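One structure below.
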């Protein structure tokens, strides 16, 4: 998230000189996030609440949204053929949101959306190693061989890469829990494809320590709580 100097923002916003901004600060006419500003070099960002003589110059709330994505909805802001995850959000400012880690059309589960690019970058950078956990239903029975193969990673010739180790837990004959710290194109489906085993259902349950709210029905969303923000 881009940051900048307070004096530069005020100068541009009010069309006044930097010298005038110094005087305004000395007169205690500028307030940032509820505190009287006195430093021309104070750093602000797009979520800083800034007022001048009690008039709001900038007010934008940071939004962090949990969505239960249904199958058949695309992880995009616009699409000509399908409903998008943005279409499911009921916020006036939803046009400013972007998606933190996409799910494909036929995958359901936890999707995060925000207008805070600095937060989303921290979650998606490879070095952050944020784990994503999926429940997978497959066509043919599972065996112990899957556990070993997933833990070693798999080579994908098309990208010329070997996937990072993934954890697979067998929940029942046809259901597994898979944990990843990366998200290659159709990675889980392609990994099961090595066993000629089709994925019937794919559902993301968790990102980091954040679980999908069991009270959210498919298509529903809600803001993250402060506790959840700290947890993830």
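Details
- Computed extension length for residue 155-residue 140: 3.2 nm, one decimal, from 0.36 nm per residue of separation with the Cα-Cα distance subtracted.
- Stretchable slack from residue 209 to residue 89, in nm (0.36 nm times residue separation minus alpha-carbon distance): 40.9 nm
- Which of 55, 201 has the fewest Cβ neighbours within 10 Å, and the rest in rising order: 55, 201
- Chain lengthening between residue 14 and residue 96 when straightened (0.36 nm per residue, less Cα-Cα): 27.1 nm
- Against the set (1) 15; (2) 42; (3) 24, the structure's computed percent of Cα pairs over 30 Å apart falls on (2).
- CD proxy at 222 nm, helix term only [per DSSP H run n ≥ 4: -39500 (n - 2.57); per residue of the chain; nearest 500]: -5500 deg cm²/dmol
- Segment 107-147 residues near the modelled residue 186 label - backbone nitrogen below 20 Å, point 7 Å along Cα→Cβ: 107-109, 134-140
- Residues listed by number, segment 86-106, amide nitrogen under 19 Å from residue 62 label point at 7 Å toward C-beta: 93-101
- As a proxy for reagent exposure, ranking 203, 145 by other Cβ atoms within 10 Å from fewest up yields 145, 203.
- Note on residue 218 and residue 162: their simple-model spin labels are 3.8 nm apart, each label 7 Å out from Cα toward Cβ.
- Here r is the Cβ-Cβ distance between residue 54 and residue 3 and R0 is 25 Å; the resulting FRET efficiency, rounded to 0.05, is 0.50.
Read-outs: derived from the displayed coordinates by stated rules, not from any lab. In this text the structure is predicted, and so the values were computed from the model without any measurement. No Cβ is skipped: glycine too gets one built from the backbone with ideal geometry, and neighbour counts run over all protein chains shown.
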